[in-house]
1. Average partner chain C-beta neighbours within 10 Å, per residue of B:81-90?
2. Given 25 °C and 0.890 mPa s, compute D for the stretch B:89-307 with the Stokes-Einstein relation, Rh being the Kirkwood radius over Cα pairs; round to the nearest whole µm²/s.
3. Report, ordered by chain and residue number, the lysines lying within cross-link reach of A:Lys128, taken as a straight Cα distance under 20 Å and ignoring same-chain residues fewer than 8 apart.
4. Over the alpha carbons of the stretch B:1-87, what is the largest minus smallest coordinate on each principal axis, giving the biggest first in Å?
5. If every alpha-carbon in the stretch B:1-156 counts as one equal scatterer, what log10 I(q)/I(0) does Debye give at q = 0.08, 0.11, 0.13, 0.20 1/Å?
6. In what order, largest first, do B:Ile207, A:Ile38 sit by accessible area if the probe radius is 1.4 Å?
7. Relative to the longest principal Cα axis of chain B, at what angle does helix B:87-122 sit, 0 to 90 degrees, rounded to 10?
8. At a probe radius of 1.4 Å, what is the per-residue accessible area of A:His103, in Å² to the nearest 10?
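The values are calculated or read from the model by the stated rules, or taken from the named source; none is laboratory data. These figures come from a predicted structure and were not determined experimentally. All Cβ positions, even for glycine, are placed from backbone atoms using ideal geometry, and neighbour counts span all protein chains on display. The protein model used for the area step is the full one, side chains on, heavy atoms only, and it has no ligands, DNA or RNA in it. Shrake-Rupley method; radii C 1.70, N 1.55, O 1.52, S 1.80 Å.
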Amino acid sequence: MTSTFRFRKFSLLTGTLMGATMLTSPVFAEGVIDVAIIGEPPTLDPMMSTADVVSIVTQHFFETLYTFDENWAVVPLLAQDMPEISEDGLTYRIPLREGITFHDGSTMDSADVVASLQRWLKVSTRGKGVAEQVAGIETDGANTVVITLTESYSPLLSLLAFSNAAAMIVPEEVLGEELSAIVGTGPYKLEEHLPDQYIQVTRFDDYVSREEPSSGGSGKREQILDEIRFVPVPDAATRVEGVLSGQFQFADGLPTEAYDRIESTDGVEPMLLAPFGWPIFAFNLKEGLMADQNVRSAVQAALAPEDMLYAAFGDEKFFVTDAALFPESFQWHNEEGAELYNQADAAKSQELLSKAGYDGSPLRILTSHQYEFHYKMAEVAKVYLEAGGFTVELDVVDWATLTQQRDNPAAWDIYITHSPFLPEPALTSMYSPTSRLGWANEEKDAVLKEFTSETDPEKRLELFAELQKLVYEQAPFYKVGGFNTLLAKSTALDGVTETPWPYFWNASLSE
Amino acid sequence: MTSYVLQRFAGMLVVMFLVLTTVFIVVRLAPGDPAALMLGPEATPQDVADLRARLGLDRSIPVQYAQFLVDVVRGDLGQSIFFNQPVGSLLLQRAEPTIFLSLFSILIAVSIALPIGIASAYTRGTLFDQGTISTAMLAASVPSFWLGLIFQQQLGTRLGWFPVSGYGGPDTSFIERMRYLILPSIVLGIVNSALIIRFTRASMLDILSDDFIRTARSKGMSEWQVVIKHGLKNALIPIVTVIGLTFALLISGAVVTERVFNLPGIGSLVVGAVLRRDYPTIQGALIVVAGLYVLINFLIDMLYLVIDPRVKY
């Protein structure tokens, strides 16, 4: 490797000056990769957090009963098959795979699954969201689990499959308010965790893979790499330099400006994850200006998403101006309500404001520099909103403050966030009447209820289209558009699937 | 002298108590919530409230303060909210890169600054002197993150001489880990040499114009003896002070450079803890850093006694 040779040569020259024997070049064990992630995961307990970086790391050592294939369809993972669902949709009978070993050597049985799911209902944000509908979770023999619901809830399997706020299965003995050990069934096991330095996972030799062909997160999981080291690198420029210099074989969340450099550097290639997600202006329907439907519609009329996206991402390669809440590659894609998107109509906004009796009070937009594209979008939005008759106040705080402030309805009118496109609409909390947006009314609640209890897939698509129409008519939030995300990998690293939550089983290093 | 040492020591304790209190108050006054950050973007307000209660963050501020003081007196810096580890052991993990980075940086800074500062004073008013002053001003003005990025791109990415990020993996030996410190040490060494150059030059200029230097020359001593033995020895007090303070600042304040090079040192621990509002870690790290700062100041004062016995208190 040229860089290694150069380093040795340089070390010989400078060794005396540095007063140390620094002649050794780094020795990488075969089949070891370093993966630069955007920061230290706030926890290694994926039930506890909905942060994407937690999912990315922990899915290597924790597994769920179900997972998603490449088309985001739910398929079994630790479950043997899809569940038998009773005709009324209230009983899910889940057969478990036999002979599954945990990292501590114990064997998974239905008691572990029941205990894990019960904890999930208690501590996980997504689990708590469904807890009211769950009447009971019981074992039926060593290898079957039965979940009974009080009312039909069709997103249940998606919730059980998601690696984010995951219903992961761990031995009953490690469960508590906190996990007493990081023990899962995944293809890799946690070897060592030095906070802010690395999270080292190594091949779990007793892993029993599924035999179906790999598809997305489902099917065969081959442990070709011996070891994966997740290295938290909060500074995006450092992640870029690290992957360009060959220090990392994969880097997540890179600034789009780095695309050309990555593309023109030998041994590295950009991975453009398109589509990745959507920037969101979340509205406060609980109190203040935005509780008024006319004011929300005025915001919707005033905004110019294309300009906001240009400012945020700089190049059309990285974004799409699109009304649909799911991009075309998802089954949920539809165009209902699209005529109310991308209006940039200042006159209409002013008219709606005068109808609302707007008195010029400042519209408070809460944002931060944590994600620079949030701030850039806010700056452009301010200009268009002012043209539309609003007085706008940008409240720029750090991310920790924003996550606290948004829980106080008196402190904001709009806050800016973003989300990856999730496999199932019900995984997004914004539709829920109990979310911090407070989007609740009879019409919408009825559609949402029907959507979450309907089991016919075709009918669910129709109901989601109705829900999307209501999003545009009632404006509980504003989808600015779609954006892509830039990742980079060594050309020697093969078998990495493009997904918002990258994983490295099935990945290999070539010479 | 003993009473002076005791007096200074008592002063240190008072300063530390004030630091403890200030750190606690400032950290609690800042908005932001560790529970919300830990739970992620989809967490509901109720989830956040539940976790706050579990972490004991819902207790009243005076109760938390009293508990904090009792723990510190016992030598317990608390438990990190995010890492679920004692803050003391987190700090120990982070001490190695920070201490060696500071040591290498100060060595580089002093190696650059002392000869240049002395030569500049000796050649006062010449082109060399003017060039040196201008270069030192430029070095002091260059932001360390910018210099770091340039070094990273040119010496790390383009030439491949040094790693650009981190502090090695699980199988990295001590010697290899030191290699990760070369680039950031050079950056900090260059940036911090500027102040030491200016202090050395100024202090040497004062001394070189003194009568005893003229006397030394008239006795026929060599220029080397005059400048180094008589001049530098007497100019050392302000120079040692600035070197000591620079070292203390490096230990506590190499934050930007640690972040650019992704070094898991104390500086980056504090920044990460502040961004995550990991109260026990912020408090523990700042107490240790402030303690070191106060201790180094104390040692500098003690060093005065050694360098110049005329210093009477």
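1. Details: counts 2, 5, 8, 6, 2, 0, 0, 0, 0, 3.
Counting Cβ atoms of other protein chains within 10 Å of each residue's Cβ and averaging gives 3.
2. On the way: Rh = 19.0 Å.
So the translational diffusion coefficient is about 129 µm²/s.
3. A:Lys449
4. Principal extents (Cα only, largest first): 62, 24, 21 Å.
5. Results for the stretch B:1-156 at q = 0.08, 0.11, 0.13, 0.20 Å⁻¹ read -0.51, -0.83, -0.98, -1.27.
6. Values: B:Ile207 25, A:Ile38 75 Å².
Correct descending sequence by accessible area is A:Ile38, B:Ile207.
7. The angle comes out at about 20 degrees.
8. Probe radius 1.4 Å; accessible area of A:His103 about 30 Å².
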